[in-house]
Amino acid sequence: MNCSIARSSLLRRSWHASQNAHKFHSRSACTRLTPSVRAPISSNTALAASKPNPSIGRSRVTEHGRPHSSCACRATTRKRTAYIALGSNVGDRVAEIERACNEMDRRGIRVKRTSSLWETEPMYVKDQDRFINGACEVETDLDPLPLLDQLQAIENDMGRRKIIDKGPRNIDLDILLYGDEKVQHERLTIPHPGIAQREFVLRPLAELIPSKPLDPSKPWKLVQDYLNDLPAGEPLSSLTPLAAAPSCPVLTPLARDRRTQVMTILNLTPDSFSDGGRHDLANLGGAVVDVARGGATVIDVGGQSTAPGRPEVTAEEEAARVIPAIELIRSMPEARGIVVSVDTYRASVAEKAVASGADMINDVSAGQLDPDMLSTVARLGKTICLMHMRGTPRTMAGLTSYPDGLIPTVASELLARVAAAERAGIRRWRIVLDPGIGFAKTHAQNLELLRNLDLLRTWPGLEALPWLVGASRKGFIGAATGAEQPSQRIWGTAATVAASVQGGADVVRVHDTKEMTMVAAMSDAIWRSSSAS
């Protein structure tokens, strides 16, 4: 057995035992780059279609599926948990699914958590575009039939029209599970009868409730078990959009032949550790042209240094640095198709940056330094990178003790930040993770993170999420190579980029765009080409 695989399994089993968590194994072998994920064996079919009941909320269904009126016996409502399948293959598929989730929230069907989004080939009717499928956990006081009425009303309000059975559709909402109830009705069957045969349903459902019985009459067989029982097929990948423009890259962290995206650092600060004072509005245009030609697919604009010991500037000063830069980048034809990220831990700066054209937020604190950050990002509907860090940039150097092990602790603390983001309303497909190299880590710990990135990527609860790694020119590279000046650490940085790609990173954050783009391309050719073993 591959040593890294054995170590991965051992650490994960140990961590689970300490947490008294449910143990289960993926039905596919773990590899260094991507977990093997299977393709669907059935089409994404909707429930039996019927027009929404015009008296929404009047018809009720008991635990046994018997309808009755809204009488006084139901005066006390109770919240129930249900799981809804999400699907789209027409138009802006992610936007359509997000619009449906927002509409559920607006109607009082509260979306508590979402799965990743998974791209699948169409089944049955082959001559149509690929589907995006997911699932969400909702809280509702509606009984099953009124819930179905509301979901079908959302579909109709969003313009869904059934022209071909199992054909193209901009939105598809199905009730998969409703508490532990079984419902048999001419309009509705719960659990949904197609769950057990469809990976594009089981895969997202297993992200949300792997240890829940699918059928209450078979409590010994869990959602993960049904997924494990499916026959092997073509691998699926989750996807994470970075921007709305179709020309911008989408992250597919489980696709073996994916391209590593290069994020260029563009600091508008006088005191950043490597390039402080290098960029201002006078020379920014030329710098943007250079990085665009050099191969950057993301530009990360920062106005507050997070290097150890740097003073904190006001939110107003930070915004005054980054907003004009973002507006300039957005005005340049050369930057069309490039994702613009804002590097900030302040909600007010993030909101102004998005209003000026930023596509995503890169928060080194993962929402810990500003209590409004996560809720703001959720409201804006943008993608956020959650980085592992402890304390603040001024205190993090003294917070490097990991008595339970570096990798298990970083995984656990990132799991907590993902959960916080989900509670705030951020969809799972809008989350990117960063192990936080150089933040509350010693030189040796930074190296350990690079060696074990593949273990973090496949940690239970973090699977299918994309990863960003930013090691460029950092101090541990100087310590290993003897290069005292950050600008002299290009060769050491190149080695960290190669290690990041081998470990499964989806984005590398760098200073030296042209050179690191070539390193990433070569690394992709070695580890991510179709011929790579």
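The values are calculated or read from the model by the stated rules, or taken from the named source; none is laboratory data. These figures come from a predicted structure and were not determined experimentally. Note: ideal-geometry Cβ built from the backbone for every residue, glycine included; neighbour counts use all protein chains shown. The area values use the complete protein model at the heavy-atom level, side chains included, leaving out ligands, DNA and RNA. Shrake-Rupley method; radii C 1.70, N 1.55, O 1.52, S 1.80 Å.
Please determine whether any residue of segment 352-375 is touching a residue at least 24 places away in the same chain (Cβ under 8 Å), under 24 Å from ALA498 (Cβ atoms), out of contact with any strand residue (DSSP E or B) (no Cβ under 6 Å at 6 or more places or on another chain) and in a helix (DSSP H, G or I). No: zero hits. The set of residues from segment 419-428 being surrounded by fewer than 19 Cβ atoms within 10 Å (Cβ to Cβ) and in contact with a Gly (Cβ under 8 Å, 6 or more places away or on another chain) comprises ALA420, ALA424.
This table checks each residue for (1) free of Cβ contacts under 8 Å to residues at least 12 places away in the same chain; (2) in contact with a strand residue (DSSP E or B) (Cβ under 7 Å, 6 or more places away or on another chain); (3) not hydrophobic (A, V, I, L, M, F, W, C).
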{"site": "ARG457", "(1), (2), (3)": "no, yes, yes"}
{"site": "GLU484", "(1), (2), (3)": "yes, no, yes"}
{"site": "ALA505", "(1), (2), (3)": "no, yes, no"}
{"site": "TRP527", "(1), (2), (3)": "no, no, no"}
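The rows are residues; the columns are (1) within 20 Å of VAL507 (Cβ to Cβ); (2) outside the structural domain of GLU103 (by the TED database); (3) charged (D, E, K, R); (4) open to solvent by 20 Å² or more (accessible area, probe 1.4 Å).
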position: GLY367; (1), (2), (3), (4): yes, yes, no, no
position: ASP370; (1), (2), (3), (4): no, yes, yes, yes
position: SER375; (1), (2), (3), (4): no, yes, no, yes
position: LYS382; (1), (2), (3), (4): yes, yes, yes, yes
position: MET396; (1), (2), (3), (4): no, yes, no, no
position: LEU399; (1), (2), (3), (4): no, yes, no, yes
position: LEU406; (1), (2), (3), (4): no, yes, no, no
position: VAL410; (1), (2), (3), (4): yes, yes, no, no
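For segment 421-438, indicate whether the set of residues that are more than 20 Å from the chain's Cα centre (by Cα), modelled with pLDDT of 95 or more and either farther than 26 Å from THR252 by Cβ or of a type outside the set (Gly, Ala, Ser) (or both) is non-empty. Yes, there is a match, as at least one residue in segment 421-438 is more than 20 Å from the chain's Cα centre (by Cα), modelled with pLDDT of 95 or more and either farther than 26 Å from THR252 by Cβ or of a type outside the set (Gly, Ala, Ser) (or both). Scanning segment 353-382 for residues that are closer than 30 Å to THR442 by Cβ and either under 18 Å from the mean Cα position of the chain (by Cα) or among the polar types (S, T, N, Q) (or both) returns MET360, ILE361, ASN362, ASP363, VAL364, SER365, ALA366, GLY367, GLN368, MET373, LEU374. State whether one or more residues within segment 301-310 are in a loop (DSSP other than H, G, I, E, B), polar (S, T, N, Q) and touching a Lys or Arg at 6+ places or on another chain (Cβ under 9 Å). For segment 301-310, residues in a loop (DSSP other than H, G, I, E, B), polar (S, T, N, Q) and touching a Lys or Arg at 6+ places or on another chain (Cβ under 9 Å): present. When segment 333-351 is filtered for residues that are crowded, with 24+ Cβ neighbours inside 10 Å and part of a helix (DSSP H, G or I), the ones remaining, listed by number, are VAL349, ALA350.
Each row is one residue, and each column tells you yes or no for (1) touching a residue at least 40 places away in the same chain (Cβ under 8 Å); (2) of a type in the set (Val, Ile, Thr); (3) open to solvent by 50 Å² or more (accessible area, probe 1.4 Å); (4) part of a strand (DSSP E or B).
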{"residue": "ASP180", "(1), (2), (3), (4)": "no, no, yes, no"}
{"residue": "ARG187", "(1), (2), (3), (4)": "yes, no, no, no"}
{"residue": "PRO193", "(1), (2), (3), (4)": "no, no, yes, no"}
{"residue": "LEU205", "(1), (2), (3), (4)": "yes, no, no, no"}
{"residue": "PRO210", "(1), (2), (3), (4)": "yes, no, no, no"}
{"residue": "PRO219", "(1), (2), (3), (4)": "no, no, yes, no"}
{"residue": "GLU234", "(1), (2), (3), (4)": "yes, no, yes, no"}
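Counted as qualifying within segment 429-533 are no helices (runs of 4 or more DSSP H), as none has 1 or more residues that are open to solvent by less than 10 Å² (accessible area, probe 1.4 Å) and acidic (Asp, Glu).
The residues in segment 291-313 that are modelled with pLDDT of 95 or more and either acidic (Asp, Glu) or more than 29 Å from ALA521 (Cα to Cα) (or both) can be counted, and the count is 1.
Listed conditions (1) more than 17 Å from MET387 (Cα to Cα); (2) touching a residue at least 60 places away in the same chain (Cβ under 8 Å); (3) of a type in the set (S, T, N, Q) are all met by SER472, apart from (1). When residues in segment 412-428 are screened for being part of a loop (DSSP other than H, G, I, E, B) and either in contact with a strand residue (DSSP E or B) (Cβ under 7 Å, 6 or more places away or on another chain) or not assigned by the TED database to the domain that holds SER341 (or both), 2 of them pass.
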